[in-house]
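Down below is the structure, laid out as structure tokens.
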Amino acid sequence: MTLQLQAPSFAATISSLASPSLTRSTRRFVIRVEPTEKSVEIMRKFSEQYARKSGTYFCVDKGVTSVVIKGLADHKDSLGAPLCPCRHYDDKQAEAGQGFWNCPCVPMRERKECHCMLFLTPENDFAGKEQIITMEEIRESTANM
Amino acid sequence: MALLQSAATLSHRSICCSTTSSPITHSSSSSLTASASNWAPSNNKYRNKNAAQLVGFVRRNKSFAVSSSLDTAATVGQVTEVDKDTFWPIVNAAGDKTVVLDMYTQWCGPCKIIAPKYQELSQKYDDVIFLKLDCNQENKPLAKELGIRVVPTFKILKHDKVVKEITGAKFDDLVAAIETVRTS
């Protein structure tokens, strides 16, 4: 069962999951929040610009790029800043205010290290040849998430 | 995702950083009673009215389920989603089995890359329990208890303790760590 709720800022999907129990079945409801299209577009453009500027490339699988862009957009919506979605924080608001892990994070700026695999140096095995990603690509590759 | 196939052909490459060991002992308030005598602990250490039960079908079906009173089950041969309430009961009920936990977040790219390979591992190692935890706001207490900074992080547990940790989507390191712990 999936319910789709549309709100001014967020689109939330509630899906039910059946527990893989061998005894009784249980349903858990998980709320997945989607970032706004506006923020996704902002982070998409930022990603393209920064890839060009830094001489890095998107992953050979644009699905990875799409997921990270959405993660950045999600943090931009909720925190006001694109905090790295591939780290865990005790206090996200404080981290966003501090700035170290706001994309582009300090490791990326200083050493071109992006463990999110958003910006990949040409010698990286997973680097593709593109510095472009369209909204359509992002939508398609994250449609089933 | 296309990389599901290309990741397999690219073989097992590391994607991210360091490996550390961080033993953490958990004193669980939840206890269990084993109903199958061949899996029962030798002492009465784990006994509670809200006890978990061990159900085994190891030899014939190559399927082993660990269930808890919270009505979730971790079955070998697949990856089981856990949360802050179900994780430790399942770990406690695992007995001598190695438990691997994939700590991921919703919008982490490397997590999506390694997920299908993690699934394959669960099918390959039928003597290991594979779990995954969405490190969202709801599960934050557990994520904090276990300790995580880099996403994904893999915790390997044995006898209710974290014995190894892999930070980042480093598949080769994860496999090596699982091999080490399960044979120890």
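For the reader, a short list of remarks on this structure follows.
- Hits in segment A:108-133 (condition: more than 18 Å from the chain's Cα centre (by Cα) and closer than 16 Å to B:V150 by Cβ): A:R111
- Taking segment A:75-87 as the range and being surrounded by 24 or more Cβ atoms within 10 Å (Cβ to Cβ) and within 8 Å of another protein chain (Cβ to nearest Cβ) as the test, the residues that pass are A:P85, A:C86.
- Qualifying residue in segment B:164-178 (condition: without any contact (Cβ under 8 Å) to a residue 40 or more places away in the chain and in a helix (DSSP H, G or I)): yes
- Test: A:R111 is away from every other protein chain (no Cβ under 13 Å) and surrounded by fewer than 23 Cβ atoms within 10 Å (Cβ to Cβ): no
- Residue within segment B:102-111 that is assigned to a helix (DSSP H, G or I) and either in contact (Cβ under 8 Å) with a residue 40 or more places away in the chain or within 13 Å of the chain's Cα centre (by Cα) (or both) present: yes
- For segment B:118-151, the set of residues classified as under 23 Å from A:S78 (Cβ atoms) and β-branched (V, I, T) consists of B:I148, B:V150, B:V151, listed by residue number.
- Checking each residue in segment A:114-133 for being closer than 18 Å to A:V67 by Cα and free of Cβ contacts under 8 Å to residues at least 60 places away in the same chain picks out A:C114, A:H115, A:C116, A:M117.
- Listed by first and then second residue, the pairs with beta-carbon distance under 6 Å, at least 6 apart or on different chains, first residue in segment A:49-67 and within 14 Å of chain B (Cβ to nearest Cβ), second buried (at least 22 other Cβ atoms within 10 Å of the Cβ) and among the basic types (K, R), are A:V67/B:K112.
- So B:L157, is it away from chain A (no Cβ under 14 Å), of a type outside the set (D, E, K, R) and outside any helix (DSSP H, G or I): yes
- When B:V162 is tested against the conditions (1) β-branched (V, I, T); (2) modelled with pLDDT of 95 or more; (3) within 30 Å of A:D74 (Cα to Cα), the lone failure is (3).
- Scanning segment A:88-105 for residues that are over 24 Å from B:K170 (Cα atoms) and surrounded by 17 or more Cβ atoms within 10 Å (Cβ to Cβ), we see that the one that is nearest to the other protein chains (Cβ to nearest Cβ) is A:K92.
- Some residue of segment A:118-136 being in contact with a Leu (Cβ under 9 Å, 6 or more places away or on another chain), surrounded by 22 or more Cβ atoms within 10 Å (Cβ to Cβ) and not in a strand (DSSP E or B): yes
Matching residues to (1) at pLDDT 95 or above; (2) closer than 18 Å to A:D90 by Cα; (3) more than 9 Å from chain A (Cβ to nearest Cβ):
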site	(1), (2), (3)
B:V100	yes, no, yes
B:C108	yes, yes, no
B:C111	yes, no, no
B:P116	yes, no, yes
B:S122	yes, no, yes
B:L131	yes, no, yes
B:K140	yes, yes, no
B:A143	yes, yes, no
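- Among the residues of segment A:89-96, none qualifies, meaning not one is in contact (Cβ under 8 Å) with a residue 40 or more places away in the chain, part of a loop (DSSP other than H, G, I, E, B) and among the hydroxyl-bearing types (S, T, Y).
- Among the candidates B:S69, B:S63, residue that is at pLDDT below 95 and either closer than 14 Å to B:K155 by Cβ or in contact with an Asp or Glu (Cβ under 9 Å, 6 or more places away or on another chain) (or both): B:S63
The values are calculated or read from the model by the stated rules, or taken from the named source; none is laboratory data. If you're wondering where the values come from, they're calculated on a predicted model, not measured in any experiment. Neighbour counts are summed over all protein chains in view; Cβ atoms, including those assigned to glycine, are modelled from backbone coordinates with ideal geometry.
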